[in-house]
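Enquirer: I'd like to ask you about the structure that follows.
The values are calculated or read from the model by the stated rules, or taken from the named source; none is laboratory data. These numbers come from a predicted model, not from an experiment. FYI the Cβ positions are ideal-geometry reconstructions off the backbone, even for glycines, and counts take in every protein chain you see.
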Amino acid sequence: MPELPEIETIKRGLTPLIINQKVTKVILHRENLRWIIPKHLSTTLTNQLISTINRRGKYLLIKFEVGTLIIHLGMSGSITVVDINTPLLKHEHFELQLKNGTSMRLKDPRRFGAVLFSKDGSHKLLDSLGVEPLKKSFYDGYLYQKSRNKQQNIKAFIMDNKIVVGVGNIYACESLFMASINPKLKAGSISKTRYNVLTQCIKTILTQAIKVGGTTLKDFVQVNGNPGYFTKNLSVYGCKNKKCYRCKGIITWFLQNQRSTFYCKKCQT
Ligand SMILES: [Zn+2]
């Protein structure tokens, strides 16, 4: 599943390719993905200039004067920018043809993704999202404040999109490892000092992942739905029964909130 670092990488890759380009044609190769794709896009966006591209959580926001195209890649989505004459591939469901002879295509085999539109840039899917982990709004003290009286475990807490967006399962495991925090601890029981460390660890882990993604995809043409580019840098995720590089303890695996959790019992306390 594409995670925040991957979406950020896609955003950065797309920026030089589509900004200030005029859309000449919008093609809906099917009516719906997770939800119906607004039919009016083929008229609304034709001859419109793409002004900016932003990311909010895992949503890509492509801005036009008439409104914002909101794209989510779901479980298996990817975006390519190709020559307009390139034959359409299977599962390429949505296409923006541009005046410079290229075409931005959204491929989504499992169709959990979304293509939506908003005139003023707001959308109910965006309204409930928590703060961006790499922005100043995710400051030291934020997690501490939000977690008071919370009984849920720390891992579920930092993965809650209403608190902070983009901390997927892998990044939650890695951040808790880096901060030496046991994923089973109750969110409400963790000190301010430890939360401040965790906040910086989350920022570091996500920044590293974006950096790796950004260098791997330097010839940005295609991004697949596999977060594999980050797997070389994992310290704990997927490391069941391996030695912890920090304390030589053994990495443990267990199922927590229906998700795989990896941690070192010895140094994550
Ligand atoms: Zn350890």
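Enquirer: What do you reckon, is LYS155 surrounded by 15 or more Cβ atoms within 10 Å (Cβ to Cβ) and modelled with pLDDT of 95 or more? Don't jump to the end; show me each part of the working.
Expert: On the way: surrounded by 15 or more Cβ atoms within 10 Å (Cβ to Cβ): yes; modelled with pLDDT of 95 or more: yes.
The answer is yes for LYS155.
Enquirer: Sticking with this one: Name the single residue, out of those in region 61-91 being of a type in the set (A, V, I, L, M) and assigned to a loop (DSSP other than H, G, I, E, B), that is nearest to LEU28 (Cα to Cα). Steps first, answer last, please.
Expert: Restricting attention to region 61-91, the residues satisfying the condition of being of a type in the set (A, V, I, L, M) are 61-62, 66, 69-71, 73, 75, 79, 81-82, 84, 88-89.
If we keep only those that are assigned to a loop (DSSP other than H, G, I, E, B) too, we end up with 66, 73, 75, 84, 88-89.
On the way: VAL66: 19, LEU73: 16, MET75: 20, ILE84: 15, LEU88: 12, LEU89: 14 Å.
Result: LEU88.
Enquirer: If you take the residues in region 218-234 that are surrounded by fewer than 18 Cβ atoms within 10 Å (Cβ to Cβ) and part of a loop (DSSP other than H, G, I, E, B), which one is modelled with the highest pLDDT?
Expert: LEU234
Enquirer: Same structure again: For region 61-93, which positions are closer than 24 Å to GLU8 by Cβ, in contact with a Gly (Cβ under 6 Å, 6 or more places away or on another chain) and of a type in the set (A, V, I, L, M, F, W, C)? Break it down into steps so the answer makes sense when it comes.
Expert: As a first pass, look at region 61-93 and keep what is closer than 24 Å to GLU8 by Cβ: 61-64, 67-82, 91-93.
Keeping just the survivors that are in contact with a Gly (Cβ under 6 Å, 6 or more places away or on another chain) gives 68, 72-74, 76-78.
Within region 61-93, just LEU73 meets the criteria.
Enquirer: Another question, then. Scan region 160-185 and report the pairs whose first residue is under 14 Å from GLU132 (Cα atoms) and whose second residue is hydroxyl-bearing (Ser, Thr, Tyr), with Cβ atoms within less than 7 Å and a gap of 6+ or a chain change.
Expert: Matching pairs, first to second residue: LYS162/SER128; VAL167/SER175.
Enquirer: Tally the residues that are surrounded by fewer than 17 Cβ atoms within 10 Å (Cβ to Cβ) and either more than 20 Å from the chain's Cα centre (by Cα) or part of a strand (DSSP E or B) (or both), restricting the search to region 92-114.
Expert: The qualifying residues number 3.
This table checks each residue for (1) modelled with pLDDT of 95 or more; (2) crowded, with 22+ Cβ neighbours inside 10 Å.
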| position | (1), (2) |
| --- | --- |
| LEU14 | no, no |
| ILE19 | yes, no |
| VAL23 | yes, yes |
| ASN47 | yes, no |
| THR52 | yes, no |
| ARG56 | yes, no |
| PHE64 | yes, no |
| ILE70 | yes, no |
| SER78 | no, no |
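Enquirer: A follow-up question, please. Consider ILE170 carefully, then state whether it is crowded, with 19+ Cβ neighbours inside 10 Å and either modelled with pLDDT under 95 or assigned by TED's automatic domain parsing to the domain that holds GLY13 (or both). Full working, then the answer.
Expert: Working: crowded, with 19+ Cβ neighbours inside 10 Å: yes; either modelled with pLDDT under 95 or assigned by TED's automatic domain parsing to the domain that holds GLY13 (or both): yes.
It is true that ILE170 is crowded, with 19+ Cβ neighbours inside 10 Å and either modelled with pLDDT under 95 or assigned by TED's automatic domain parsing to the domain that holds GLY13 (or both).
Enquirer: Answer yes or no as to whether LYS22 is out of contact with any Asp or Glu (no Cβ under 9 Å at 6 or more places or on another chain) and among the basic types (Lys, Arg).
Expert: Values: out of contact with any Asp or Glu (no Cβ under 9 Å at 6 or more places or on another chain): yes; among the basic types (Lys, Arg): yes.
The answer is yes for LYS22.
Enquirer: Identify, by number, the condition in (1) in contact with a helix residue (DSSP H, G or I) (Cβ under 8 Å, 6 or more places away or on another chain); (2) assigned to a loop (DSSP other than H, G, I, E, B); (3) under 25 Å from THR261 (Cα atoms); (4) aromatic (Phe, Trp, Tyr) that TYR139 doesn't meet.
Expert: Among (1) in contact with a helix residue (DSSP H, G or I) (Cβ under 8 Å, 6 or more places away or on another chain); (2) assigned to a loop (DSSP other than H, G, I, E, B); (3) under 25 Å from THR261 (Cα atoms); (4) aromatic (Phe, Trp, Tyr), TYR139 violates only (3).
Enquirer: Can you pull out the residues in region 164-197 that are part of a helix (DSSP H, G or I), more than 19 Å from the chain's Cα centre (by Cα) and within 19 Å of CYS244 (Cα to Cα)?
Expert: Residues of region 164-197 part of a helix (DSSP H, G or I): 169-178, 187-189, 192-197.
Then drop every residue that is not more than 19 Å from the chain's Cα centre (by Cα), which leaves 177-178, 187-189, 192-197.
Within region 164-197, PHE177, MET178 qualify.
Enquirer: Could you list, in sequence order, all residues of region 239-269 that are in contact (Cβ under 8 Å) with a residue 60 or more places away in the chain, more than 13 Å from the ligand (Cβ to nearest atom) and surrounded by 13 or more Cβ atoms within 10 Å (Cβ to Cβ)?
Expert: GLN256, ARG259, SER260, THR261
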